[in-house]
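Reviewing the structure listed below.
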Amino acid sequence: MKKILLTAMALLTMASVSAFGMYGDQDDWIDFLTDGNQFRARMDQLGFVLGNNTIKGTLGFRSQAAGTLLGNIISGQTDNAGLDATISAGIGYTSDMIGIGVGYNFTYYNTTLGVHTPVLMVNALNNNLRIAVPVQAAVSKEPFGKGTENQWKDYLGVSTDIQIRYYTGIDAFNQVRLYVKYGQSGYKDIQANRDMFAQSVGFETRFYFLNTAIGNATVNPFLKVAFNTALASGNTLVRAGESIMSTTYMSKDVKWDQNPYEVTAAAVLGITANSDIVSLYVEPSLGYTAQSSGKEKGAKLAWGAYAELYITPVQDLEWYFEMDVNNSNTDGSNVPVHFETTTGITWYLPEF
């Protein structure tokens, strides 16, 4: 059965040049050029990566909804849920000196609104430098559904989630990550005769250091600083097509006393432990978040507990479990505890 499946996948690869994969419309593509051949089936994604040491391809599906169904229920996010599903495809060239890949995603939100995302990936310096540049774009005459053109129309959204990683190879200061985010989104309110607009910019930096083995575990602490600000409207993280019904849009004529912002600084401790069958990675974090709504300011502790569990009963088959609990309120629910989780299998396949 395994030989039949592998033969079928090989024929599909030769017929379509690319094969199968499962990447979302944000910075998930950062791992594509280093991922090996695999079939992945999880609560939020399904697909393949196939290829050899030079050429690889991907095609698949991934949910863009906040968390998963279980996480949304626990966080109280069951209202106004959209499909938010992404189909992705891509092809890449890899070598020790440089790797280059291109990808494309289509994210479906409703019958009148979808987001197109071309992606460029570049790896260099024996994969120690990795860059992923996705650009999301959405255009719709009726973004809020059919029959609304007499009230809201002509939606345009553009955004990007750029990620850059550099692995130094030095345990004392072993990795740097930079995330850059920009988004703008707007439409026409026909009844009020005004243009509605939202715009934001942000960044996040992570500095990993002192990668050290302590007993049977390895610790790799890092510091992260994230800053997001609204340049127009009250939304500090605008993304093309995403949650336009709940996004805080404002007329272009409205001026803030101070642009809304959110800044977080946190210390994170990454801990890894491995055995022949089980691998565990946990990431507790504690920091401080300051926020401004444009008029009112506030601050609170920022805490989180992230974990990944890998169980490998045989060499090529792996069960994966991921959980994230924090108080970030990234879903806008104002629930004190935000919970996300996913689980599934990864089947590692031989190269062609």
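The table for this structure:
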quantity: Options T212, T205: the member that is of a type in the set (V, I, T) and open to solvent by 50 Å² or more (accessible area, probe 1.4 Å); calculated: T212
quantity: Residue in the range 266-281 that is modelled with pLDDT under 95 and touching a Phe, Trp or Tyr at 6+ places or on another chain (Cβ under 7 Å) present; calculated: no
quantity: Tally, over the range 175-227, of residues that are in a loop (DSSP other than H, G, I, E, B) and among the hydrophobic types (A, V, I, L, M, F, W, C); calculated: 4
quantity: Residue in the range 77-87 that is of a type outside the set (A, V, I, L, M) and at pLDDT 95 or above present; calculated: no
quantity: From L237, L231, residue being in a strand (DSSP E or B), among the aliphatic types (A, V, I, L, M), within 16 Å of V201 (Cα to Cα) and at pLDDT below 95; calculated: L231
quantity: Spans of strands (runs of 3 or more DSSP E) in the range 291-349 with at least 1 residues more than 27 Å from L46 (Cα to Cα) and either of a type in the set (A, V, I, L, M) or at pLDDT below 95 (or both); calculated: 297-314
quantity: Cβ pairs under 6 Å, 6+ apart, first in the range 188-208 and farther than 13 Å from L231 by Cα and hydroxyl-bearing (S, T, Y), second assigned to a loop (DSSP other than H, G, I, E, B) and open to solvent by 40 Å² or more (accessible area, probe 1.4 Å); calculated: none
quantity: Those residues of the range 133-163 which are in contact with a Leu (Cβ under 6 Å, 6 or more places away or on another chain) and open to solvent by 50 Å² or more (accessible area, probe 1.4 Å), in sequence order; calculated: V139
quantity: Looking only at the range 10-29, and only at residues there that are open to solvent by less than 10 Å² (accessible area, probe 1.4 Å) and modelled with pLDDT of 80 or more, the one that is farthest from N123 (Cα to Cα); calculated: Y23
quantity: Filtered residue count, the range 177-198, keeping only those that are of a type outside the set (A, V, I, L, M, F, W, C) and either modelled with pLDDT of 95 or more or open to solvent by less than 40 Å² (accessible area, probe 1.4 Å) (or both); calculated: 9
quantity: All positions within the range 62-71 that are more than 19 Å from D161 (Cβ to Cβ) and either modelled with pLDDT of 95 or more or open to solvent by 30 Å² or more (accessible area, probe 1.4 Å) (or both); calculated: L69, L70
quantity: Scope the range 215-233; condition surrounded by fewer than 19 Cβ atoms within 10 Å (Cβ to Cβ) and over 21 Å from A172 (Cα atoms); matching residues; calculated: F227, T229, L231
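Residues checked against (1) over 24 Å from L210 (Cβ atoms); (2) of a type in the set (A, V, I, L, M); (3) surrounded by fewer than 17 Cβ atoms within 10 Å (Cβ to Cβ):
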site	(1), (2), (3)
A266	no, yes, no
N274	no, no, yes
Y281	no, no, no
Y288	no, no, yes
E296	yes, no, yes
G304	no, no, no
Y320	yes, no, no
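The values are calculated or read from the model by the stated rules, or taken from the named source; none is laboratory data. Computed from a prediction, not measured in an experiment: that's the story for all the values here. With ideal geometry, Cβ positions are generated from the backbone for all residues, glycine too; neighbour counts draw on all protein chains shown. Keep in mind that these areas ignore ligands, DNA and RNA; they rest on the heavy atoms of the full protein, side chains included. Shrake-Rupley method; radii C 1.70, N 1.55, O 1.52, S 1.80 Å.
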